[in-house]
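Worksheet for the structure shown next.
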Amino acid sequence: MLTLTAIRTQTQEIIERLAKRGIDRTADIQQILILDESKRAKQTLLEQNLAKGNVLAKEIGDLFKSGNKAGADEKKIESVELKEAAKVLETELTELDNQLTQKLYEIPNAPAAKVAYGKTPEENETVYEWGVDPVLPANAKPHWELTSQYDIIDFELGNKITGAGFPVYKGKGARLQRALINFFLDEAIKAGYYEVQPPILVNEASGYGTGQLPDKEGQMYHDKTDNLYLIPTAEVPITNIYRDVILKEEELPIRNVGYTPCFRREAGSYGAHVRGLNRLHQFDKVEIVQIAHPTQSYEILESMLEHVKMLMTKLGLKFRILRLCGGDMGFASAMTYDFEAWSGAQQRWLEVSSVSNFETFQANRLKCRYKTKDGKNELAHTLNGSALALPRIVASLLENNQTETGINLPECLHPYLGFTSI
RNA sequence: GGAGAAAUGGCAGAGCGGUUGAAUGCGGCAGUCUUGAAAACUGUUUUAGUGUAAGCUAACGGGGGUUCGAAUCCCUCUUUCUCCGCCA
């Protein structure tokens with residue numbers, strides 16, 4: 001969530017930045033300011049009351065010690081009255097605080113300066129493009145036909161075991177998954193990321209920490225017996241490592257990479273665009289996460305883009321990078337770049353990575369801070385990106401590299417695969 | 001899953017109803033001494049809110065209660081440890 005300090009001190013700027021999402025939040029911001037003010041006034045009253053009570057309690061203690069029981073009893077009555085007044089004030093304060101928090105939770109992050117105004121994906125800006133159109137055989141097939149032709153991914157079998165969106169990877173298909181995961185992890189480690197293997201079920205506090213809750217409650221699989229959520233991305237457990245943590249300034253930036261399966265309910269999706277590997281309920285992803293100093297976070301965002309670019313280039317997939325417009329960005333993001341791979345057989349772009357800077361939006365909820373040289377605690381910036389998500393990479397690799405006689409896989413994967421084509 | 005014990009500052013560890021926001025030790029930081037370092041000595045060392053500031057308020061795993069007053073008593077949840085059971 002946005003910090004109250006920012007809302008208080010840069011009110012107009014925040015409103016203008018939010019407008020880039022195509023929404024006018026002026027009224028909400030005004031309401032937050034009013035709530036904040038009355039909350040602080042109430043708090044002052046309560047604290048004055050408590051201070052009086054503390055003095056009184058001390059006096060009563062002293063009277064008891066000196067044996068003046070009558071005097072103590074007299075003061076006790078006064079103390080009880082104070083306490084009752086405090087209780088009322090406390091209830092009012094809690095109510096104001098809840099309203100304020102609720103309001104703050106509802107406001108999305110303020111887009112960064114570079115982000116364009118806009119409401120729809122059509123308004124995203126293409127900032128980079130690489131690669132050439134793949135040369136395909138005349139009878140080029142979409143990946144869902146290739147996977148069954150070569151018997152490497154079995155959607156039907158997944159339906160039987162679990163349901164739609166849970167494919168079974170078989171033989172070379174399974175080995176391709178494993179190769180990609182290892183390739184992505186190794187490349188990240190080479191680039192200086194520290195590998196972690198986090199839990200894939202998280203508690204409620206973690207869901208709130210990265211902003212999936214209360215926002216996207218319905219998107220996550222939820223185990224109600226133990227109140228745990230299946231992660232929609234490794235961003236959740238990895239970023240939550242740094243919840244309630246005060247880092248040393250010189251520790252920044254922290255760079256983590258982790259592979260996890262990801263689970264998304266994707267309620268309400270349908271149609272050809274979700275066919276095959278295009279949208280799954282369970283998929284694999286290698287995620288890079290950084291905790292950064294505020295002055296460096298945009299530089300770091302660029303370096304993360306470079307890393308993903310390098311992966312795409314090595315895989316030899318034609319791709320483009322979009323800087324999302326305000327309206328197409330996620331709730332918690334201040335700036336997001338999407339990578340899209342060109343899918344030759346489907347003749348469309350497939351989103352394969354999303355790299356974002358959240359500035360202090362997540363850190364504020366997480367209470368992820370660093371200590372400055374002069375001993376002050378400041379909120380860190382958090383960033384993350386897919387490097388990379390597997391299914392659409394697999395789809396593009398299969399479709400773009402198909403020939404009459406088989407599918408040739410890129411050289412960078414050969415050492416990991418133990419074979420070169422399917 | 002059963003039985004028992006515990007949770008205090010960066011760490012270790014006192015306190016078990018009334019200047020205890022918290023002894024003591026270690027660590028960290030600053031200083032004295034030294035050419036420099038070590039040692040020794042001295043000082044300092046949680047966080048959040050509010051306020052120009054002094055200050056005030058809150059926090060001893062989380063939540064609730066008893067009391068004029070709670071780190072200290074009670075309830076509850078969570079976590080950890082020991083023993084037993086089960087098990088990749």
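Please treat every number below as a calculation from the coordinates, not as lab data. If you're wondering where the values come from, they're calculated on a predicted model, not measured in any experiment. Cβ sites come from the backbone with ideal geometry, for glycine too, and all protein chains shown count toward neighbours.
Numerical summary
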read-out	value
Residue with peak Gaussian network fluctuation, chain A [Cα springs, cutoff 10 Å], from A:LYS371, A:LYS141, A:LYS58	A:LYS58
Distant-in-sequence amide H partners of A:THR260 (H built 1.01 Å from N, under 5 Å)	A:LYS285, A:GLU287
Whole-Hz ³J(HN,Hα) from phi, Karplus 6.51 cos²θ - 1.76 cosθ + 1.60, for the stretch A:184-201, glycine and proline x	5, 5, 5, 5, 5, 4, 4, 7, x, 7, 9, 7, 10, 10, x, x, 9, 10
Residue-averaged [θ]222 nm for chain A, counting only DSSP H segments that reach four residues, each worth -39500 (n - 2.57)	-13500 deg cm²/dmol
Distance violations [Cα-Cα > 25 Å] among A:LYS39/A:LYS76; A:LYS20/A:LYS318; A:LYS87/A:LYS371; A:LYS170/A:LYS285; A:LYS114/A:LYS309	A:LYS39/A:LYS76; A:LYS20/A:LYS318; A:LYS87/A:LYS371
For the stretch A:4-106, the Rg and Dmax computed from alpha carbons only, in angstrom	21.1, 71
Within a Gaussian network of chain A (alpha carbon springs, distance under 10 Å), most fluctuating of A:TYR208, A:TYR242, A:TYR128	A:TYR128
Segment A:VAL245-A:TYR105, length gained on full extension (0.36 nm per residue, minus Cα span)	48.3 nm
Helix A:69-106 axis, angle to chain A major axis (alpha carbon atoms, nearest 10°)	30
Inter-label distance, nm, simple model (7 Å from Cα along the C-beta direction), A:THR91/A:LYS373	5.2
Candidate aspartates and glutamates - alpha carbon under 12 Å from A:LYS52, same-chain residues fewer than 8 apart omitted	A:GLU78, A:GLU81
The stretch A:132-183, dipole about Cα centre (Lys/Arg Cβ +1, Asp/Glu Cβ -1), debye to the nearest 20	240
Relative contact order (percent, whole number), the stretch A:4-106, Cα cutoff 8 Å, 6+ residue spacing	31
Simple Cβ-charge dipole of chain A, Lys/Arg +1 and Asp/Glu -1, about Cα centre, in debye nearest 20	380
Highest-fluctuation residue, A:ILE23, A:ILE14, A:ILE161 considered, GNM on chain A with Cα pairs under 10 Å	A:ILE161
Distance between modelled label sites at A:LEU33 and A:GLU266, nm, 7 Å Cα→Cβ extension	4.4
Pairwise FRET efficiency - A:ALA41 versus A:THR5, Cβ, R0 = 25 Å, nearest 0.05	0.90
For the stretch A:234-355, alpha-carbon Rg and Dmax in angstrom	16.2, 50
Förster radius 45 Å - calculated FRET efficiency between A:SER148 and A:LYS309 (Cβ-Cβ, nearest 0.05)	0.90
Calculated FRET efficiency for the pair A:ASP223/A:THR403, C-beta based, R₀ 60 Å, to 0.05	0.85
